[in-house]
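Beneath this line is the structure, given in structure tokens, with notes to follow.
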Amino acid sequence: MRIIGGSFKGRKLKEPSDMNIRPTSDKVKEALFNILGQRLDGLKVLDLFSGSGALGIEAISRGAAEVVFCDKDIKSVKLTKENLALINSDSKVINADCFTAINMLKGKIFDIIFCDPPYKENFSEKLLGSIYENKLLSDGGIIVYETASLNLPCVPLQYIIKDTRNYGKIKLSFIVQA
């Protein structure tokens with residue numbers, strides 16, 4: 001697992017030691033950032049379900065002004081902090097479930113929100129509704145929601161799925177406000 005673009009390109013990140021953390025592959029990460037744009041200068045990013053922190057760290061490497069990481073699993077939080085130390089970042093890391101973190105961040109506005117929940121969870125509508133109610137997504141912002149390839153997130157009326165892309169067993173859905 002490595003940083004694939006930006007100022008830290010090529011830097012290796014620590015990988016999870018247990019299978020409960022499912023990092024986004026370099027191939028999918030590269031495709032994702034090709035879609036979002038190579039540079040994220042000045043953008044604010046929320047990495048929910050951060051796992052190893054790889055997506056948020058990629059955003060930092062590509063110029064994001066601020067990245068907030070969140071995961072309820074203490075092993076994931078520890079791994080994210082270890083990976084942030086590799087790039088000397090003091091980004092905020094929240095150890096809480098996604099709904100608690102969203103409530104804590106109420107009113108803070110993000111341009112990109114990465115949502116990569118465990119595939120077995122089926123709370124996309126509630127999660128997206130909570131993001132909307134807490135006004136976390138900027139005008140023109142995007143939510144990148146990762147699911148198993150056969151699934152689509154259920155989106156509340158406030159959002160539309162602008163695009164989906166399949167990468168083997170993974171589907172990325174790009175969600176914007178309606």
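Bear in mind these aren't lab numbers, they're just calculated from the coordinates by the rules spelled out. The structure displayed is predicted, hence computed values, not measured ones. Please note: Cβ atoms are built from the backbone with ideal geometry, for glycine as well, and neighbour counts cover all protein chains shown.
Structure data summary
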| read-out | value |
| --- | --- |
| Long-range lysine pairs (8 or more apart or interchain), the range 65-116, Cα under 19 Å | 8 |
| Overall form of the range 3-51 per C-alpha gyration tensor (a/c, 1.5; a/b vs b/c) | prolate |
| Spin-label model distance (nm) - ILE160 vs ASP26, 7 Å beyond Cα toward Cβ | 3.7 |
| Taking the C-alpha atoms of the range 94-178, convex hull volume expressed per residue in Å³ | 90 |
| Interchain or long-range residues, amide H under 5 Å from ILE142's placed H | ILE112, ILE113 |
| Shape of the range 34-113, Cα gyration tensor, a/c cut at 1.5 | oblate |
| Antiparallel DSSP beta bridges within the range 24-178, as percent of all bridges there, nearest 5 | 45 |
| Long-range amide H partners of ILE170 with built H, under 5 Å | SER149 |
| Qualifying lysines (Cα of each under 23 Å from Cα of LYS162; at least 8 residues distant if same chain) | LYS27, LYS29, LYS44, LYS126, LYS135, LYS171 |
| Viscosity 1.567 mPa s, 4 °C: Kirkwood-radius Stokes-Einstein D of the chain over Cα pairs, µm²/s | 81 |
| Added length on full extension, which subtracts the Cα-Cα distance from 0.36 nm per residue, ASN122 to ASP41 | 25.9 nm |
| Cα lying deepest toward the dipole's positive end in the range 1-160, options PHE8, ASN34, ILE102, charges on Cβ | PHE8 |
